[in-house]
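Worksheet: the structure to be examined is printed underneath.
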Amino acid sequence: MPLPIAPLLGFLSDNLTKRRSVMPMSSRKTTRWAAGLDIPAGGETVLYTGLMYQIIPALTSSEKTMSLVQDSWVGQLLSFGRTVNRFVNLTSFMPPADRQEQKRYDQYLRNIVQLLRKAGVTEFGYLYGSELYTGALVRDLGVDDAFEQHARKVHKMLDRQGVRRVITVDPHTTDMLRNVYPKLVPGYNLEVKSYLEVLRESEARPKNRLESEAVIHDSCLYARYLDTVEQPRRLLEKAGVTARDPEFSGKMTFCCGGPVESLFPDKAGEIAGRRIKQLAEAGNDVVTMCPICLHNLEKAASGNGVSVRDISELLLQAYGG
Amino acid sequence: MARVNTDFIDEVRRSDGFDATACMHCGQCTAICPMGLDLLPRRLFFYVGAGLEDKVIENLETIFSCLLCRLCEENCPRDVHIAEDVRFLRNYINRKVHKLARI
Ligand code: SF4
Ligand code: SF4
C-alpha cells in the first residue's frame, strides 16, 4: 500500500493553521517548565523555546499512533481523520505523554535559564502562553502556504509584544527565526542567537571542573545551517570536558534520523542506529544539543551501554555550582 | 515511457526555489547520503533537468525521504543547494499531486 503521505501532511498543516502547532498542547503544559523561575513576562529580549522541548515527549506517545500509519489500515482511515481533525482536535485522543519524560524535557529548559543567569545574562523575559511553534516541520514537508501564513502570525505576535531580540534553545527554531523568516516576512527585523552562542560570548566561568570526556553529536542544523560548531566545544573544554569527535562530526556531522520520523519511522530508527554506532566508537557518554537528536538517539541507544544527554545538563554541572 | 513535460520545465525554470543548473552529475552527493537511495539526489535532479515530471512524481516517496541534512551539500563541488531543491519538489508535489494548496 502506498504511504498516506497526503493525508498526514494535511493533518499536520491543518493543525498548524487551525491550532497553531503541529502537536497542539495546552499552554498549561507548554509553560509549566517555567514555574518558580520568576522570568518576567515579555520584554525586548525574550527566551524563545519554540515549544520544541515541550512537544518531543508528547510525540513519543503519538509515535505509536504514527507508526501504525505506516503499514496498516489505519493509514487509510487517516484520510477520513483529516476531515474530522478539522473540527475535532484528534491529537487530544492520542495517548497522554509520559509524565516523567515531560518533566525531564522541562528540566532542560530550566537548566538553560539557570545557565544564562549564572553567566550574568539576566535581562530576558518569556512569552509564556503567547509563544508559538515556528512551523518548521510543515515547511520541511513542503507545505509552504500553510507555513507562510503561520510565519506571519508568529511575526505579528512578536511585533505586538515588542520583542527585538530572542535567545533560542534549539537549532530548528533558531534556523526558522534567523534564516527563514527574514526572507518571508516583510519588516521582520529580529536579532536571533542561540543560548550556546550567548553563553560563549558571555563571561561564563565554570565553578567545577568536570575532568571528564564526552562525545559530541553535532546537530545538522547547528553545524551546516547555523555555523555553530565551535561554541559548544569551547564551553565544554573550559569546563574540563574533553570533547571527543566521532567519525562524522562538525560540518560533516551525520543526521540522527529525526527529520523523517513523522513519515518513515522505520527509516528514522535505522539512521539513528547507524549514528549511535559511530558515536559509541568514540565513547559512551554522548551529548546532544537538539531535542530531536536527543529523542532519536536515546531511543536507538537503549540497551547499547551508551548514555545520551542534553548538553545543558553537563554545562549546568560545571557552570551552575 | 517517460514523457517530457514542458510546463514542468517552465515552472522549474521560472521558480527561484529550484536551481541545480551547476550540477555536473559527479554523484558525490548520492555516495555520501545517509539514506543510501540510488535516486537521491543526483538522479532526481537529472529527471528534473530533463523535464520528466512523471518520473519525479513516481518517486514521490524518495523525495519525502530526504533528511534535509545537507551532508551532500557539504561535499558538492558545485555548491548546489540540494536540500532547498528537494524542498521545492515536495512543494511542487503537494500542490500538483496532493492538492494541498494553491496550484
Ligand atoms: S555533488 Fe553536486 S555536482 Fe555532484 S551530482 Fe551531486 S549536486 Fe551534482
Ligand atoms: S540532504 Fe537529503 S539528499 Fe542530501 S545527504 Fe541529506 S538526506 Fe541525502
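The values are calculated or read from the model by the stated rules, or taken from the named source; none is laboratory data. This one's a predicted model, so the numbers in the text were calculated from it and none came from an experiment. As a convention, Cβ positions derive from the backbone with ideal geometry for all residues, glycine included, and neighbour counts pool all protein chains shown. The area values use the complete protein model at the heavy-atom level, side chains included, leaving out ligands, DNA and RNA. Shrake-Rupley method; radii C 1.70, N 1.55, O 1.52, S 1.80 Å.
Any residue at all in the stretch A:204-218 that's closer than 27 Å to residue A:308 by Cβ, within 14 Å of chain B (Cβ to nearest Cβ) and open to solvent by less than 10 Å² (accessible area, probe 1.4 Å)? Yes: one or more hits. Considering only the stretch A:181-200, state which residues are in contact with a Leu (Cβ under 9 Å, 6 or more places away or on another chain) and more than 17 Å from residue A:122 (Cα to Cα). Scanning the stretch A:181-200 gives A:181, A:182, A:188, A:190. Is it the case that residue B:31 is within 24 Å of residue A:220 (Cα to Cα), within 16 Å of ligand 1 (Cβ to nearest atom), touching a Lys or Arg at 6+ places or on another chain (Cβ under 8 Å) and modelled with pLDDT of 90 or more? Taking the combined requirement at face value, the residue does not satisfy it. With respect to the conditions (1) within 16 Å of ligand 1 (Cβ to nearest atom); (2) out of contact with any helix residue (DSSP H, G or I) (no Cβ under 6 Å at 6 or more places or on another chain), residue B:52 falls short on a single one, namely (1). Considering the stretch B:16-31, the residues that are polar (S, T, N, Q) and within 14 Å of ligand 2 (Cβ to nearest atom) include one that is nearest to residue A:266 (Cα to Cα), namely B:30. Residues that are within 30 Å of residue A:249 (Cα to Cα) number at least 3 in the following helices (runs of 4 or more DSSP H) confined to the stretch A:140-222: A:171-175, A:181-184, A:195-201.
Name the pairs: first residue in the stretch A:5-16 and touching a residue at least 24 places away in the same chain (Cβ under 8 Å) and charged (D, E, K, R), second residue assigned to a helix (DSSP H, G or I) and surrounded by fewer than 24 Cβ atoms within 10 Å (Cβ to Cβ), Cβ to Cβ under 6 Å, at least 6 apart or on different chains? Matching pairs, first to second residue: A:14/A:85.
Inspect the stretch A:282-298 for any residue being open to solvent by 10 Å² or more (accessible area, probe 1.4 Å), without any contact (Cβ under 8 Å) to a residue 40 or more places away in the chain and part of a strand (DSSP E or B) and give the result as yes or no. Checking the stretch A:282-298: not a single residue is open to solvent by 10 Å² or more (accessible area, probe 1.4 Å), without any contact (Cβ under 8 Å) to a residue 40 or more places away in the chain and part of a strand (DSSP E or B). Look at the stretch B:76-89 and say how many of its residues are within 10 Å of ligand 1 (Cβ to nearest atom), under 10 Å from the mean Cα position of the chain (by Cα) and surrounded by fewer than 23 Cβ atoms within 10 Å (Cβ to Cβ). Looking only at that region, the number is 1. Can we say residue A:233 is at pLDDT below 95, closer than 27 Å to residue A:121 by Cβ and more than 14 Å from chain B (Cβ to nearest Cβ)? No; evaluated as a whole, the condition is false for this residue.
Within the stretch B:32-75, being within 10 Å of ligand 2 (Cβ to nearest atom), more than 12 Å from chain A (Cβ to nearest Cβ) and open to solvent by 20 Å² or more (accessible area, probe 1.4 Å) holds for one residue alone: B:42.
Within the stretch B:78-92, one or more residues are of a type outside the set (S, T, N, Q), near ligand 2 (Cβ under 9 Å from one of its atoms) and touching a residue at least 24 places away in the same chain (Cβ under 8 Å).
In the set (1) within 14 Å of another protein chain (Cβ to nearest Cβ); (2) at negative phi; (3) surrounded by 18 or more Cβ atoms within 10 Å (Cβ to Cβ), residue A:257 fails one condition alone, (2). Is there a residue in the stretch A:268-279 that is touching a residue at least 60 places away in the same chain (Cβ under 8 Å) and either part of a loop (DSSP other than H, G, I, E, B) or surrounded by fewer than 21 Cβ atoms within 10 Å (Cβ to Cβ) (or both)? No. Would you please name the residue that is modelled with the lowest pLDDT, looking only at residues in the stretch A:29-47 that are in a helix (DSSP H, G or I) and over 23 Å from residue A:159 (Cα atoms)? Restricting to residues being in a helix (DSSP H, G or I) and over 23 Å from residue A:159 (Cα atoms), the top hit is A:29. Each residue in the stretch A:153-180 was checked for being over 13 Å from residue B:87 (Cβ atoms) and out of contact with any Leu (no Cβ under 8 Å at 6 or more places or on another chain), and 8 of them qualify.
Give B:10, B:16 a once-over and let me know the one that is away from ligand 1 (no atom under 11 Å from the Cβ), of a type in the set (Asp, Glu), at pLDDT below 95 and surrounded by fewer than 11 Cβ atoms within 10 Å (Cβ to Cβ). The unique qualifying residue is B:16.
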